[in-house]
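Reviewing the structure listed below.
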Amino acid sequence: FNSYNEEINALNQAMDEELERDERVFLMGEEVAQYDGAYKVSRGLWKKYGDKRIIDTPISEMGFAGIAVGSAMAGLRPICEFMTFNFSMQAIDQVINSAAKTYYMSAGLQSVPIVFRGPNGASAGVAAQHSQCFAAWYAHCPGLKVVSPWNSEDARGLLKAAIRDDNPVVFLENELMYGVPFEMSEESNSKDFVIPIGKAKIERQGTHVTLVSHSRYVGHCLDAAAVLAKEGIECEVINLRTIRPMDVDTIEGSVMKTNHLVTVEGGWPQFGVGAEICAKIMEGPAFNYLDAPVTRVTGVDIPMPYAKILEDNSVPQIKDIIFSVKKTLNV
């Protein structure tokens with residue numbers, strides 16, 4: 001039992017255990033086998049399971065995603081790794097038209113148990129073509145489940161749930177979180193530990209304002225909440241965990257308690273995850289509990305610049321969250 005675990009190890013262990021548990025599970029993608037994965041997420045798996053279960057692919061996302069989807073239809077349970085989700089654009093026809101829509105179009109006869117996983121959102125210094133958040137893109141599409149873990153426990157429990165799920169799951173990791181160690185509970189190290197898809201988690205209780213976020217920015221929200229607590233402002237921080245299906249009940253319950261809402265995400269503002277949360281609150285029973293308009297903290301509405309100083313100003317910083325909370329609370 002390891003009380004601290006880096007996210008990269010949590011993901012590796014989750015895949016290892018599921019490969020061991022079910023011989024229909026296999027992993028394919030660029031560099032996943034002999035090289036141990038571009039980010040070493042699949043370290044040791046090829047040595048343990050061999051060429052049939054851990055498969056290196058050519059640089060052809062449309063091709064290998066198609067093979068993975070077809071194998072899922074034929075009864076296997078593939079994990080398809082994209083080296084970054086920006087490259088899933090090559091395969092978006094396979095993800096949406098082949099994987100997401102088939103269960104419905106076959107009247108429930110043909111399930112497609114597949115996981116598309118890899119790093120999503122901005123890394124550091126890799127410019128626009130490698131820095132996009134696809135949470136809103138994929139969550140837009142019925143037939144997909146979209147998962148966005150924050151810490152090691154999320155990563156482990158949700159990846160295991162995703163692999164066991166009979167539907168296509170888009171599993172959005174974050175490269176900047178891979179090396180971050182998080183405390184793990186003892187139960188989370190059990191081989192049967194799964195986190196249900198579609199359930200958010202309240203990471204911090206508070207009474208003045210609700211902060212809703214996913215992936216890396218949950219940490220930013222907790223850091224902002226710690227600063228604000230010194231000024232007597234108590235933030236309730238919600239870790240979405242799943243983007244689709246979205247746990248609106250948890251958000252509504254929190255907003256009814258705090259009467260204020262700020263959403264935080266690294267993606268672009270237009271038609272984003274925060275925009276959807278705001279609409280859901282507007283349309284539901286929690287609207288009557290709001291004491292101020294909802295506020296969104298998002299990435300800037302531009303392709304990601306390469307220069308570090310511009311990049312830092314293009315994604316939410318802790319100070320941006322603090323500013324938005326104070327604005328919402330009229331402090």
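The values are calculated or read from the model by the stated rules, or taken from the named source; none is laboratory data. Note that this is a predicted model, so its numbers are computed, not measured. A quick note on method: Cβ atoms are made from the backbone with ideal geometry, for glycine too, and the neighbour counts reach across all protein chains shown. Note: areas computed on protein heavy atoms with side chains; ligands, DNA, RNA excluded. Shrake-Rupley method; radii C 1.70, N 1.55, O 1.52, S 1.80 Å.
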Query raised in the report: Can you find a residue in segment 39-56 that is assigned to a loop (DSSP other than H, G, I, E, B) and closer than 27 Å to Pro303 by Cα?
Result: yes
Report summary line: Those residues of segment 7-36 which are farther than 11 Å from Arg53 by Cβ and not charged (D, E, K, R) amount to Ile8, Asn9, Ala10, Leu11, Asn12, Gln13, Ala14, Gly29, Gln34, Tyr35
Query raised in the report: How many residues does segment 14-38 contain that are in a helix (DSSP H, G or I) and open to solvent by 60 Å² or more (accessible area, probe 1.4 Å)?
Result: 2
Requested in this report: List every residue pair whose Cβ atoms lie under 6 Å apart, where the two residues are 6 or more positions apart in sequence or sit on different chains, the first residue falls within segment 45-68 and is on the phi < 0 side of the Ramachandran plot, and the second residue, located anywhere, is open to solvent by 100 Å² or more (accessible area, probe 1.4 Å) and outside any loop (DSSP other than H, G, I, E, B).
Outcome: Glu61/Gln90; Met62/Gln90
Report summary line: Of (1) outside any loop (DSSP other than H, G, I, E, B); (2) crowded, with 16+ Cβ neighbours inside 10 Å, Val112 satisfies every one except (1)
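Would you pick out the residues in segment 234-266 that are among the polar types (S, T, N, Q) and either more than 21 Å from the chain's Cα centre (by Cα) or surrounded by 22 or more Cβ atoms within 10 Å (Cβ to Cβ) (or both)?
Keep residues of segment 234-266 that are among the polar types (S, T, N, Q), which gives 239, 242, 250, 254, 258-259, 263.
Answer for segment 234-266, where residues must be among the polar types (S, T, N, Q) and either more than 21 Å from the chain's Cα centre (by Cα) or surrounded by 22 or more Cβ atoms within 10 Å (Cβ to Cβ) (or both): Asn239, Thr242, Ser254, Thr258, Asn259, Thr263.
Taking segment 271-286, which residues are exposed (fewer than 14 other Cβ atoms within 10 Å of the Cβ), among the hydrophobic types (A, V, I, L, M, F, W, C) and in contact with a helix residue (DSSP H, G or I) (Cβ under 7 Å, 6 or more places away or on another chain)? Don't jump to the end; show me each part of the working.
Keep residues of segment 271-286 that are exposed (fewer than 14 other Cβ atoms within 10 Å of the Cβ), which gives 271, 279, 282-283, 285.
Restricting the remaining residues to those that are among the hydrophobic types (A, V, I, L, M, F, W, C) gives 271, 279, 282.
Across segment 271-286, the qualifying residue is only Phe271.
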Query raised in the report: Quick check: is even one residue across segment 294-308 over 24 Å from Cys235 (Cα atoms), part of a helix (DSSP H, G or I) and open to solvent by 70 Å² or more (accessible area, probe 1.4 Å)?
Result: yes
Query raised in the report: Which one is farthest from Ile8 (Cα to Cα) among residues in segment 54-72 that are open to solvent by less than 40 Å² (accessible area, probe 1.4 Å) and not hydrophobic (A, V, I, L, M, F, W, C)?
Result: Gly70
Query raised in the report: Looking only at strands (runs of 3 or more DSSP E) that fall completely inside segment 144-233, which ones have 3 or more residues that are farther than 30 Å from Tyr103 by Cβ and open to solvent by less than 30 Å² (accessible area, probe 1.4 Å)?
Result: 209-213
Query raised in the report: Counting only residues that are surrounded by 24 or more Cβ atoms within 10 Å (Cβ to Cβ), outside any helix (DSSP H, G or I) and over 17 Å from the mean Cα position of the chain (by Cα), how many does segment 73-104 have?
Result: 1
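Does Ala127 meet the test of being surrounded by fewer than 16 Cβ atoms within 10 Å (Cβ to Cβ), touching a residue at least 40 places away in the same chain (Cβ under 8 Å) and of a type in the set (A, V, I, L, M, F, W, C)? Explain how you work it out, then say what you get.
Details: surrounded by fewer than 16 Cβ atoms within 10 Å (Cβ to Cβ): yes; touching a residue at least 40 places away in the same chain (Cβ under 8 Å): yes; of a type in the set (A, V, I, L, M, F, W, C): yes.
Yes.
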